[in-house]
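Peer 1: The structure is given below, and queries will be raised subsequently.
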Amino acid sequence: MSEGVEWALHSCLNLAWIGFERAVTAARLASYHELPHAYLNKQLQALARAGIVTSVSGPKGGFRLARGLDRITLMDVVAAVEGPDEAFRCTEIRRQGPGAGAPEAYAAECAIAGAMGRADLAWRRELMAQTLDDVRARAELQAPAAPERIRRWFANV
């Protein structure tokens, strides 16, 4: 998984703590964690295409959440940034090399692909079961002052 997923998740939490009424530029969001603005902007555009954030144009433009954190799963963000494809892609290398002609090499499903597919499904189910609101609640338990500190930092323009 790319670092863009981490950046997108943190950006969503920051936008929630800043408030739905205020749009924040990609540059400002990037500067909070000292991230490359252009790369974070790509992640935010992907989130906008997925309906997770909205892009607001104009002098007070930027990004803001399109829906509540309780309606955004971790899988929503991962799929927006990484795409919907499975993490493991079987290229059927068992059909190459000296063992390629063996009848057992052509089983209906490659055992490795099957195992990886089941693991991917379990991972996706877990990501679908957790919302960003769940993550927000845990973050606020771990760092209760974080939301106010973030609001103050973004208020100082």
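Peer 1: What pairs come out if I take residues in the stretch 1-23 that are closer than 19 Å to HIS37 by Cβ and part of a loop (DSSP other than H, G, I, E, B) and pair them with residues that are open to solvent by less than 20 Å² (accessible area, probe 1.4 Å) and of a type outside the set (Val, Ile, Thr) whose C-beta lies under 8 Å away, six or more apart or interchain?
Peer 2: That search, which allows pairs on different chains as well, returns ARG22/PHE154; ALA23/GLY61; ALA23/GLY62; ALA23/PHE63.
Peer 1: Output the number of residues of the stretch 81-97 satisfying the condition of being over 30 Å from GLN43 (Cβ atoms), open to solvent by 100 Å² or more (accessible area, probe 1.4 Å) and not hydrophobic (A, V, I, L, M, F, W, C).
Peer 2: 2
Peer 1: For the stretch 54-66, which residues satisfy the criterion of being in contact with a Phe, Trp or Tyr (Cβ under 8 Å, 6 or more places away or on another chain) and crowded, with 18+ Cβ neighbours inside 10 Å?
Peer 2: ARG64, LEU65
Residues checked against (1) open to solvent by less than 20 Å² (accessible area, probe 1.4 Å); (2) touching a helix residue (DSSP H, G or I) at 6+ places or on another chain (Cβ under 8 Å); (3) closer than 20 Å to LEU74 by Cβ:
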| position | (1), (2), (3) |
| --- | --- |
| LEU9 | no, yes, yes |
| TRP17 | no, yes, yes |
| ALA23 | yes, no, no |
| TYR32 | no, yes, no |
| HIS37 | no, yes, no |
| GLN43 | yes, yes, yes |
| ALA46 | yes, yes, yes |
| ARG49 | no, yes, yes |
| ILE52 | yes, yes, yes |
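Peer 1: Answer yes or no: is there a residue in the stretch 73-86 that is under 18 Å from LEU15 (Cα atoms), in contact with a strand residue (DSSP E or B) (Cβ under 6 Å, 6 or more places away or on another chain), acidic (Asp, Glu) and modelled with pLDDT of 95 or more.
Peer 2: Within the stretch 73-86, none of the residues are under 18 Å from LEU15 (Cα atoms), in contact with a strand residue (DSSP E or B) (Cβ under 6 Å, 6 or more places away or on another chain), acidic (Asp, Glu) and modelled with pLDDT of 95 or more.
Peer 1: When residues of the stretch 70-85 are filtered for being touching a residue at least 60 places away in the same chain (Cβ under 8 Å) and of a type in the set (Asp, Glu), how many remain? Reasoning before the result, please.
Peer 2: Going residue by residue through the stretch 70-85, those that are touching a residue at least 60 places away in the same chain (Cβ under 8 Å) are 70-72, 74, 77-78, 80-82.
Pick out the ones that are also of a type in the set (Asp, Glu) and you get 70, 82.
Qualifying residue count for the region: 2.
Peer 1: Of the residues ARG89, ARG67, which single one is closer than 17 Å to VAL135 by Cβ, of a type outside the set (Gly, Ala, Ser) and without any contact (Cβ under 8 Å) to a residue 24 or more places away in the chain? Quick ask: steps written out before the conclusion?
Peer 2: Details: ARG89 fails: closer than 17 Å to VAL135 by Cβ.
Testing whether each residue is closer than 17 Å to VAL135 by Cβ, of a type outside the set (Gly, Ala, Ser) and without any contact (Cβ under 8 Å) to a residue 24 or more places away in the chain leaves just ARG67.
The values are calculated or read from the model by the stated rules, or taken from the named source; none is laboratory data. Please read all numbers here as calculations on a predicted model, not as lab measurements. Methodologically, a virtual Cβ is constructed for each residue, glycine included, from the backbone with ideal geometry; neighbour enumeration extends over all protein chains shown. Side chains are part of the model used for accessible areas, which takes the heavy atoms of the whole protein and leaves out ligands, DNA and RNA. Shrake-Rupley method; radii C 1.70, N 1.55, O 1.52, S 1.80 Å.
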